[in-house]
Amino acid sequence: RTLMFADSFPLSHTLSTDGTQRWMKRVETLTDGDIDFRHFPAEQLAKAGEILQKIEDGVIQAGYIGTGYVSDELPLNGALMLPGEVRDTVNASQAYWQLLKNDTPLRQEFLDNGVVPIYAVMLPPYQLVLKRGPVSELGDLRGLKLRSTGSLNLVVQAVGANPVSMAAPDAYLAIQRGTLDGTVLPVTSIAPYKVNEVTKSLSTNGRFGSFGITVAMDKKTYDGLSESQRKAVDQAGDETTAHLAQVIEDEVQTDLAEFRDQGMAVYELPESMREALEPKYQAAQQAWVERMSARGLDGQAVIDAYESALADVDAKR
Amino acid sequence: MTVFIGVAVLIVLLLMEMPIAFAMMIAATVGLYLVGGESFVASYLADVYHSVSASYVFLTIPMYVLLAQFMAQSGMARDIIKASDMWLGRLRGGLGVACVMASAFMAAIIGSSTASSATMSAAAFPSMREVGYDRRVSVGIIAISGTLAIMIPPSIVLIIYGILTELSVGKLLIAGLLPGVLTAVGYIVTILWIAWRHPEKMPAQPQFDVRAATRALVPVWPVLLLMLLVVGGLYGGAATPTEIGAVGAAAALVITLIMRRMDRARFVTAIEDTLGTTVMIVTIVIGAMMFGYFLTLTQATQSLFDAIQSAGMAPWMVIAVLVLIYLVLGMFMDQIAILVLTVPVTHALITQLGFDGIWYGIVITKTVEIGLVTPPLGLNVFVTSGVTRVPLAECFRGVAPFLLVEIVVLGLLLAFPEISLLLPNLMSH
Amino acid sequence: MLERIHQGVDITLFWLAGIALIVMMALVSIDVVARYLFNAPLTFQFELTTNYLMVMVATLGLPWCLRRGAFIKLSVVGRFLGVRSHNLLHVFNALVAAAVLVAIAWFSGVRTWDKFVGGDAMFGVIDWPVWLSTIWVPIGCAMLALRLVTDALLRLRNLDRPVDGDDERTQDARDIAENGGAS
Ligand code: NA
Ligand code: NA
């Protein structure tokens, strides 16, 4: 049968070529074409934040869900995006995927919205991308105007910088003209927005937060598949999680090398600054936990579960 | 088949004088029902209105309209048009030329052509009518000049194109400069030609008086102050274009209050006109988005490009056909929707054929400019009609003479990629 | 009496939209000034503006803007029709448009209700309630539908009065041209 699939990525984007497109191809191969897809890329059917709703409404059967866009529907899944949590893509993705595969509150949130998570990766942690040279102490960040969005604003503010909200497409001009002093972005998102053309330095070991990239399928559709078809879908999901996380990690290294060649200062934040940042990360997590409990949700349990899943993954590697 | 029913419903409704926004919403609803039944209709009707209107970028439109409204209500804009008329007025068509030059100047501030048209409509139209310009000619000049805003940097269209194609936004923006200037020159030539052929449509001022002209410059200071604020703010980098719109509007309000040119009635009119224009644009974009989702679901656009790819045509033929398709689509659809729906596909196609992506971006932007002023869906003309309250049909007729020069410029851009690529290439060496 | 209440509601909604517009202008301006002069931005401004004020501006003025001719149309068949049939055509158009707007109001209203009952909140600088962001759409669209139906009924009772159109607009344009924006 033919499933309608929607995402928000241009066809040439890594998250499409090595993520959604690759998963669909694997499912088609593994089921000998019993399942195939009609792919609607690049927000053709819905904006990124509305794809989950479109699956719930029965317009499409599967699609990309960015956890940061649906904090109203998947609030607990926001835990992985908190500052401090994600250190690298590969391990964080595996840990997150383990939580989504097993019977956890994170999986339950998806199920409550009528969808089954199929695969998941975490983007590399957000880094400081600045118009000025490297920063070496917390004081250097004071008053810097950085583009950021949503809950990321909280940590940007906590480290003394000024969050400026604007659409990502505007960032290029804003930095070039000095409206902004820079932005916080995952390494792999810098080149697509050309931000490297207008900035001078990039940190590599900041942990200012991350972003969850998941794909989910309509639960009724999923339950209606035959046993072997479900297996194929799951297998393709496992494979895609592992493959895509590795591709992203490789892309981080390639991008960093390229930015270095272009004369950008690619640097590590010094130990002293990392120590100064740690309490800021912790405070942001605590604030999130408090706001979740105000809504009757146990955020701390999710953070703890993630930490232990991450420890398992670290131990295995 | 479904796609034809949807398009037919749209056309019939438009001919029946159904308001354009509603026509698109209704046709989309019928189409969505045919494609996916009640659940599709329910899903899109529930979400699209909110999803289009809850947008920070959209805020740019009411803010620049409000800025222009405050200027217009306080007579500031008329002061500057009067002053420029004093200087250029002895030239036949001088005020029209001044309008193009003012629009080109505004284009260096504004990245959205509807915002630009709205501003110039409120500012220039009353003055053009006052000195006896033909109504149709006036709205034509205003509507067409507004399109300069998306070619001359900054340009929201080129930024979106850059993001869709992952090309250098900086280069794309620089690439638009020469084509933008070329286009402005084309408009000026057209205006002078019309003025020469039909002198009665653009009466010249009888005499030129240096002292009067100089004196006319004095009341212009608030406008210069505002322009300094806006241009300085943008190029000095104080804020984003959206923010500058808001600050500009606030500054305009403060200045008019200080000058004691604002009263309750004018303030109300400014708010009314701003809300009216905003609602008009928002509802049309909502209709276009709904109709676009319907078109996507029928896979009509995709099939069209697949057919081209498989036909095995000569590269230049492909470009010619694509440009033709963009011009046709541009007549019926929202320009941003067209870009988002097609550029990922067509850009891949033309780069495979060995064409330059930046040059193609400029060509596409030109077709967008044309689409903004061609009937039945010509957003710039809608805005101009909405603000000036001149009937839509007359506005479209006013723009018609300029379409010829648009096609000539498009031809030049196609034939001489150097016009688009000279500056970006200089930049990379 | 009923019509006066109806009109009062339309005007009130319009002014709510107007206030939202001015508040947006002020908030964004204050944000910019605070950021650049005092390094103290209004962090809530972006989310408040995008999710609430902008939606209000885009919806609450709908019924009032209908009166002011904000919904432009092509003038095509009017010249081939008599006054009565032209009026009937516009009655038909208004009712069909009202039907779609009622559908939008209904479906977006149901969505809003779901969000309200579910207590959905967007995680931002604060927890932003989702229903307060979406509720303006059903309100604006329902009131526009009501206004369209009311106008259609009024038109049905005055079928011999010429359709508002080019004539009136020409007059308006002339007014603008003659009186300008201001002295
Ligand atoms: Na521009
Ligand atoms: Na058009």
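The values are calculated or read from the model by the stated rules, or taken from the named source; none is laboratory data. Every value quoted in this text rests on a predicted model; they were computed, and no experiment measured them. Note that we place each Cβ from the backbone using ideal geometry, even for glycine, and neighbour counts take in every protein chain shown.
Would you be able to say whether some residue in region B:361-377 is within 15 Å of ligand 2 (Cβ to nearest atom), at pLDDT below 85 and within 14 Å of another protein chain (Cβ to nearest Cβ)?
Yes, region B:361-377 has at least one match.
Can you go through C:V55, C:V130 and tell me which one is touching a residue at least 24 places away in the same chain (Cβ under 8 Å) and within 24 Å of the chain's Cα centre (by Cα)?
None of the other options fit; the residue is C:V55.
Among the numbered conditions (1) of a type outside the set (D, E); (2) within 14 Å of the chain's Cα centre (by Cα); (3) closer than 22 Å to A:E239 by Cβ, tell me where A:H13 comes up short.
(2)
A:Q127 fails exactly one of the following numbered conditions: (1) crowded, with 24+ Cβ neighbours inside 10 Å; (2) of a type in the set (S, T, N, Q); (3) touching a residue at least 40 places away in the same chain (Cβ under 8 Å); (4) farther than 30 Å from A:A242 by Cβ. What is the number of that condition?
Single failed check for A:Q127: (4).
Scan the strands (runs of 3 or more DSSP E) fully inside region A:154-248 and keep the ones with 3 or more residues being touching a helix residue (DSSP H, G or I) at 6+ places or on another chain (Cβ under 9 Å).
Output list reads A:162-164, A:182-186, A:212-218.
Among the residues of region B:134-146, write down those that are crowded, with 24+ Cβ neighbours inside 10 Å and in contact (Cβ under 8 Å) with a residue 60 or more places away in the chain.
B:S138, B:V139, B:G140, B:I141, B:I142, B:A143, B:I144, B:G146
Scan region B:360-372 and report the pairs whose first residue is within 13 Å of ligand 1 (Cβ to nearest atom) and whose second residue is modelled with pLDDT of 90 or more and not in a helix (DSSP H, G or I), with Cβ atoms within less than 6 Å and a gap of 6+ or a chain change.
The qualifying pairs are B:T365/B:M151.
Going through region C:25-47 one residue at a time, which ones are within 14 Å of chain A (Cβ to nearest Cβ), surrounded by 22 or more Cβ atoms within 10 Å (Cβ to Cβ) and of a type in the set (A, V, I, L, M, F, W, C)?
Matches in region C:25-47: C:V28, C:V32, C:F46.
Can you tell me which residue within region A:56-89, out of those that are under 15 Å from C:V125 (Cα atoms) and among the hydroxyl-bearing types (S, T, Y), is nearest to the chain's Cα centre (by Cα)?
A:Y69
When you look at C:D10, is it within 14 Å of chain A (Cβ to nearest Cβ), acidic (D, E), assigned to a helix (DSSP H, G or I) and buried (at least 20 other Cβ atoms within 10 Å of the Cβ), yes or no?
no
Kindly indicate the residue of region B:160-174 that is at pLDDT 80 or above and within 13 Å of ligand 1 (Cβ to nearest atom) and also farthest from B:T365 (Cα to Cα) among those meeting that condition.
B:I174
So which residues in region C:80-127 are in contact (Cβ under 8 Å) with a residue 40 or more places away in the chain and not in a helix (DSSP H, G or I)?
C:M122, C:G124, C:V125, C:I126
Mind checking whether some residue in region B:117-135 is within 16 Å of ligand 2 (Cβ to nearest atom) and touching a helix residue (DSSP H, G or I) at 6+ places or on another chain (Cβ under 8 Å)?
yes
Output the residues belonging to region A:256-300 that are small (G, A, S) and surrounded by fewer than 19 Cβ atoms within 10 Å (Cβ to Cβ).
A:A257, A:G263, A:A265, A:S272, A:A276, A:A283, A:A287, A:S293, A:A294, A:G296
Which numbered condition trips up C:T50, out of (1) touching a residue at least 24 places away in the same chain (Cβ under 8 Å); (2) of a type outside the set (G, A, S); (3) at the interface with another protein chain (Cβ under 7 Å from one of its Cβ atoms)?
(1)
State yes or no: is B:L377 within 18 Å of B:A118 (Cα to Cα), more than 16 Å from ligand 1 (Cβ to nearest atom), crowded, with 23+ Cβ neighbours inside 10 Å and of a type in the set (A, V, I, L, M, F, W, C)?
yes
For a quick check of your reading of the model, give me the residue pairs whose first member lies in region B:316-335 and is farther than 29 Å from B:T283 by Cβ, whose second is more than 9 Å from ligand 2 (Cβ to nearest atom) and of a type outside the set (A, V, I, L, M, F, W, C), with beta-carbon atoms closer than 7 Å and at least 6 apart or on different chains.
Sorted first by the residue in region B:316-335, then by its partner, the pairs are B:L322/B:T346; B:V323/B:T367.
Please indicate, with yes or no, whether at least one residue in region B:198-206 is farther than 25 Å from B:V139 by Cβ, assigned to a helix (DSSP H, G or I) and not polar (S, T, N, Q).
No, every residue in region B:198-206 fails to be farther than 25 Å from B:V139 by Cβ, assigned to a helix (DSSP H, G or I) and not polar (S, T, N, Q).
How many of the residues in region C:92-124 are buried (at least 17 other Cβ atoms within 10 Å of the Cβ), modelled with pLDDT under 95 and farther than 18 Å from B:A46 by Cβ?
Total meeting the criteria: 3.
Would you please list the contacts, defined by Cβ atoms under 8 Å and residues six or more apart or on different chains, that run from a residue in region B:233-247 that is at the interface with chain A (Cβ under 7 Å from one of its Cβ atoms) and over 13 Å from B:P154 (Cα atoms) to a residue that is modelled with pLDDT under 70 and crowded, with 23+ Cβ neighbours inside 10 Å?
Filtered contacts from region B:233-247: no entries.
Can you pull out the residues in region B:11-63 that are within 7 Å of chain C (Cβ to nearest Cβ) and outside any helix (DSSP H, G or I)?
Scanning region B:11-63 gives B:M16, B:E17, B:M18, B:P19, B:A54, B:S55, B:Y56.
Only one of these conditions is not met by B:S84: (1) within 16 Å of ligand 1 (Cβ to nearest atom); (2) assigned to a helix (DSSP H, G or I); (3) modelled with pLDDT under 80. Which number is it?
Status for B:S84: all satisfied but (1).
So which residues in region B:363-386 are farther than 15 Å from B:A149 by Cβ and part of a helix (DSSP H, G or I), if there are any at all?
Correct list: B:V363, B:I364, B:T367, B:F382, B:S385, B:G386.
Which is within 23 Å of the chain's Cα centre (by Cα), within 16 Å of ligand 2 (Cβ to nearest atom) and on the phi < 0 side of the Ramachandran plot, of B:G140, B:G94?
B:G140
Could you go through region A:240-255 and let me know if any residue there is hydrophobic (A, V, I, L, M, F, W, C) and either free of Cβ contacts under 8 Å to residues at least 24 places away in the same chain or surrounded by fewer than 17 Cβ atoms within 10 Å (Cβ to Cβ) (or both).
yes
Count, please, the residues in region A:1-55 that happen to be part of a helix (DSSP H, G or I), touching a Leu at 6+ places or on another chain (Cβ under 7 Å) and either without any contact (Cβ under 8 Å) to a residue 24 or more places away in the chain or not small (G, A, S) (or both).
2
Could you pull out every one of the helices (runs of 4 or more DSSP H) wholly within region B:262-346 that has 3 or more residues that are more than 8 Å from every other protein chain (Cβ to nearest Cβ) and at pLDDT 85 or above?
B:264-298, B:315-332
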